[in-house]
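K.L.:
Pasting a structure here, questions to come.
No lab work stands behind these numbers, since they all come straight from the coordinates. As the structure is a prediction and not an experimental result, all values here were calculated from the model. Glycine also receives a Cβ, built like all others from the backbone with ideal geometry; neighbour counts cover every protein chain displayed.
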Amino acid sequence: MASSRNFSVGIDIGSYNVKVIVAEQDSKNDQHGVRILGSSIVESRGIRHGFVINQEEAVKSVKTAVLAAEKASGVSIKRAYASVGGVGLSAIISYGNVVVTKADSEITDLDMRRAIEESEKELPNSYIQNRKIIHTLPLEYKVDGKRVLGKPLGLKGMRLEVKVLYITCLAHHLSDLLSVFDEADIEVQDVIAAPISSSIATLTKTQKIAGCVITNIGSETTSIMVFENNIPVSMEVFQIGSNDITNDIALGLKISLEDAELVKLGQGKATDYSRRKLDEIIIARLSDIFDLIEDHLRKIDRSGLLPAGIILTGGGSGIPNIEELAKLALRLPSKQARLKLEGNTKGILNDFEWTVAYGLILANLTPNDTDGLGSGGIKTIKTIGQKFIKWLGQFLP
């Protein structure tokens with residue numbers, strides 16, 4: 001591997017398959033400055049709902065995917081950025097406040113850091129005791145009770161308050177996932193929550209400022225992340241995915257799971273079943289998913305109030321007419337995410353399935369010019385002692 005070339009590897013371990021992308025920086029690419037060198041996708045074994053149930057099988061899946069990606073890219077893979085998703089992910093909001101330390105009442109980096117640390121201390125023990133913090137995202141600051149537009153650094157006041165969104169993962173799920181990489185001889189450079197990774201690959205700054213919800217319909221789970229004013233304000237994971245639709249089709253039409261999967265994606269033959277019955281089955285299950293999303297948006301007072309609408313990603317977003325169904329169910333603009341990939345894209349057939357893996361690449365190769373906690377209050381998971389992720393600076397208020 002030539003030392004002058006800046007390579008990056010992203011590994012997305014899902015319940016249905018493992019995806020690996022190898023890329024390098026490329027100034028000739030106007031889209032992201034990234035060129036894909038190779039990729040691979042293999043069946044995922046030993047993973048259920050995003051967590052490891054059979055470590056040996058999971059390790060084999062990762063090794064197989066890595067070997068295939070090495071062959072496709074000509075790059076030896078020893079390190080990678082990894083996503084974490086599934087039912088183990090969760091988000092919670094907490095608040096912290098401190099007295100400003102300087103005698104002249106000027107707010108410093110230290111005050112911002114102390115306020116965030118206080119918000120972490122306020123996390124309920126019943127919630128955090130079996131969890132690890134992956135991302136710390138400050139949503140809003142107040143100085144002497146008045147909301148600040150942007151960062152409060154340099155302002156003057158007696159008391160600083162902060163509102164923080166914490167994205168966490170069940171500790172044992174994360175530990176098991178890291179062990180899989182360790183046994184596969186892959187050094188994890190950083191762990192990134194799958195909804196954040198997907199948003200990096202698909203959302204524009206305009207969409208994030210206006211307000212939108214990115215929705216990843218995976219095989220066994222559906223995750224959403226809501227953005228407003230260019231920051232993520234909420235995240236949720238639901239235990240329902242596109243496999244539930246496949247299973248319903250197989251039962252309803254009395255066909256095999258393999259045929260049901262093809263029929264779901266509009267690739268099956270329409271001779272042996274009622275098209276009307278198929279539509280009823282798909283609409284019923286998609287309605288369940290969109291009802292869960294609508295309930296969450298109503299809970300955070302964003303129902304029907306996100307001008308940039310819903311952006312659909314993941315394998316389940318390939319279902320025919322899903323955009324129209326989402327638009328009707330949520331009363332929001334709806335579109336399927338598409339990636340503009342450059343380089344060796346052989347094997348990447350449906351780019352909307354690759355948003356998480358591609359986002360991992362962009363997180364490394366296209367960082368924002370921020371300085372970690374001092375300028376952003378963002379940290380990665382503490383237990384593996386990784387560096388602060390600079391690109392999360394884009395989420396700051």
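K.L.:
Quick one: Karplus J couplings for the range 246-257, per residue in order, coefficients 6.51, -1.76, 1.60, θ = phi - 60°, nearest Hz, x for Gly and Pro?
P.N.:
Each residue's phi maps through the Karplus curve to give 4, 4, 5, 5, 4, 6, x, 9, 6, 10, 5, 4 Hz.
K.L.:
For the range 89-170, what's the relative contact order in percent, using C-alpha pairs closer than 8 Å and at least 6 residues apart? Write out the running numbers ahead of the final one.
P.N.:
Values: 172 pairs, mean separation 38.0, N = 82.
Answer for the range 89-170 is 46 percent.
K.L.:
Can you tell me the mean projection area, over all orientations, of the convex hull of the chain's alpha carbons? Units nm², please. Intermediate results must be reported in sequence, preceding the final value.
P.N.:
Working: hull surface 80.7 nm².
Averaging across all directions leaves 20.2 nm² for the Cα convex hull.
K.L.:
Quick one: angle between helix 109-121 and the longest Cα principal axis of the chain, in degrees between 0 and 90, rounded to 10, please.
P.N.:
With rounding to tens, the tilt is 60 degrees.
K.L.:
Next up: When N counts the residues of the range 18-166, how does its alpha-carbon radius of gyration compare numerically with 2.2 N^0.38 Å, as a ratio?
P.N.:
Values: Rg = 22.1 Å, N = 149, 2.2 N^0.38 = 14.7 Å.
Dividing the Cα Rg of the range 18-166 by 2.2 N^0.38 Å gives 1.50.
K.L.:
Could I ask something else about it? With everything on Cα atoms, drop me the angle between helix 55-73 and the longest principal axis of the chain, reported from 0 to 90° to the nearest 10.
P.N.:
It is inclined by approximately 90 degrees.
K.L.:
So in the chain, what percent of DSSP beta bridges are antiparallel if you round to the nearest 5? The partial results should precede the final answer.
P.N.:
Working: 57 of 74 bridges.
The answer is about 75 percent antiparallel.
K.L.:
Just to be sure I follow: if Rg is taken over the C-alpha atoms of the range 89-170 and Rh is the Kirkwood radius over the same atoms, what is Rg/Rh? Walk me through the numbers before you get to the answer.
P.N.:
On the way: Rg = 13.3 Å, Rh = 13.0 Å.
Rounded to two decimals, Rg/Rh equals 1.02.
K.L.:
Given the convex hull over the Cα atoms of the range 207-336, what projected area results after averaging over all orientations, in nm²?
P.N.:
Values: hull surface 28.1 nm².
Directional mean of the projected Cα hull area for the range 207-336 stands at 7.0 nm².
K.L.:
A further question follows. Give me the one-decimal nm value for the distance between modelled label points at R331 and T101, 7 Å along each residue's Cα-to-Cβ direction.
P.N.:
In this crude label model, R331 to T101 measures out at 4.9 nm.
K.L.:
Right, here's the next one. Around I134, which amide H atoms from residues at least 5 apart in sequence, or from another chain, sit under 5 Å from its own amide H, with H modelled in the peptide plane?
P.N.:
The answer is I167, T168, C169.
K.L.:
Also, I was wondering about something else. Using amide H atoms built 1.01 Å from N in the peptide plane, name the residues 5+ places from E140, or on other chains, whose amide H lies under 5 Å from its own.
P.N.:
Close amide H contacts, sequence-distant or interchain: K163.
K.L.:
Follow-up question, since we're still on this one. Report ³J(HN,Hα) in whole Hz for each residue of the range 82-95, in order, from the Karplus equation J = 6.51 cos²θ - 1.76 cosθ + 1.60 where θ = phi - 60°; Gly and Pro get x.
P.N.:
Those phi angles translate into 10, 9, 10, x, x, 5, x, 6, 7, 9, 8, 9, 9, 10 Hz.
K.L.:
Compute the helix-to-body angle for 275-299: its Cα long axis versus the longest principal axis of the chain, expressed 0 to 90° and rounded to tens.
P.N.:
It works out to around 10 degrees.
K.L.:
Also: Expected output is a single nm value to one decimal: the length gained when fully extending between L257 and I283, i.e. 0.36 nm times separation in residues minus the C-alpha distance. What is it?
P.N.:
Working: separation 26, 0.36 × 26 = 9.36 nm, distance 1.82 nm.
Stretched fully, the L257-I283 segment lengthens by 7.5 nm.
K.L.:
Let me ask something additional. Once the convex hull of the C-alpha atoms of the range 144-187 is built, how many Å³ does it hold per residue, rounded to a whole number?
P.N.:
134
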